[in-house]
Every structure is written in structure tokens, then in C-alpha cells.
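The block underneath contains the structure these notes are about, expressed in C-alpha cells.
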Amino acid sequence: MDQLVDGEALTKVLVLSLVFGAGVPAVFALGVRALAPVDGTTSVLRRSAAYLCFAVCAAAVVVGVAKLVVGSD
């Protein structure tokens with residue numbers, strides 16, 4: 001217990017904070033941008049990419065809530 005700060009724990013918190021705090025909203029924003037019409041229409045590929053982005057965001061939320069409920073480390 002001679003260390004003031006646990007570097008490994010700090011790194012883990014920093015990485016997870018960046019991934020979930022900035023990464024998930026960025027993926028959601030990409031999904032919203034993919035749904036924006038170009039020339040008045042949205043292609044099937046862009047719509048599919050948007051739905052994939054939204055599914056990734058939903059999965060991240062479900063995994064986060066499940067980890068909180070289970071109480072894993």
C-alpha cells in the first residue's frame with residue numbers, strides 16, 4: 001500500500017470512460033448522420049448503417065446495465 005494511486009485501476013477507468021463516455025455517443029451521432037437525407041432520399045445502405053449504429057449503442061447500454069445489476073468488478 002505504498003502507492004498513492006493504483007495506476008492499473010486508473011488506466012482501466014480512463015479507457016472505459018473514454019469508450020463509453022465518448023465512443024457510444026459518437027457512434028449514435030454517426031447513426032443519426034447516416035439517416036440524414038441526401039438529395040431528399042436515404043439509401044438502403046445508409047439506413048442499414050444507421051440501424052447498426054443504433055444497435056451497437058443499445059447493446060452497450062444493455063451490457064452496462066447488466067454489469068450494474070450483477071455487480072461484477
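Could you tell me how many of the residues in segment 20-44 are out of contact with any helix residue (DSSP H, G or I) (no Cβ under 9 Å at 6 or more places or on another chain) and of a type in the set (A, V, I, L, M, F, W, C)?
Here the count works out to 3.
Restricting to segment 33-50, name every residue that is surrounded by 12 or more Cβ atoms within 10 Å (Cβ to Cβ) and assigned to a helix (DSSP H, G or I).
Matches in segment 33-50: 33, 34, 35, 46, 47, 49, 50.
Which numbered condition trips up residue 72, out of (1) of a type in the set (Ser, Thr, Tyr); (2) modelled with pLDDT of 90 or more; (3) not in a helix (DSSP H, G or I)?
(2)
Please indicate, with yes or no, whether at least one residue in segment 10-22 is of a type outside the set (S, T, N, Q) and not in a helix (DSSP H, G or I).
no
Give all pairs with beta carbons closer than 6 Å in which a residue from segment 45-73 that is over 18 Å from residue 19 (Cβ atoms) meets a residue that is among the hydrophobic types (A, V, I, L, M, F, W, C); count only pairs at least 6 apart in sequence or on separate chains.
46/34; 49/34; 50/34; 50/35
The values are calculated or read from the model by the stated rules, or taken from the named source; none is laboratory data. Quick caveat, the model's predicted, so the values are computed rather than measured. When we count neighbours, we look across all protein chains shown, and the Cβ atoms used for this are built from the backbone with ideal geometry, even at glycine.
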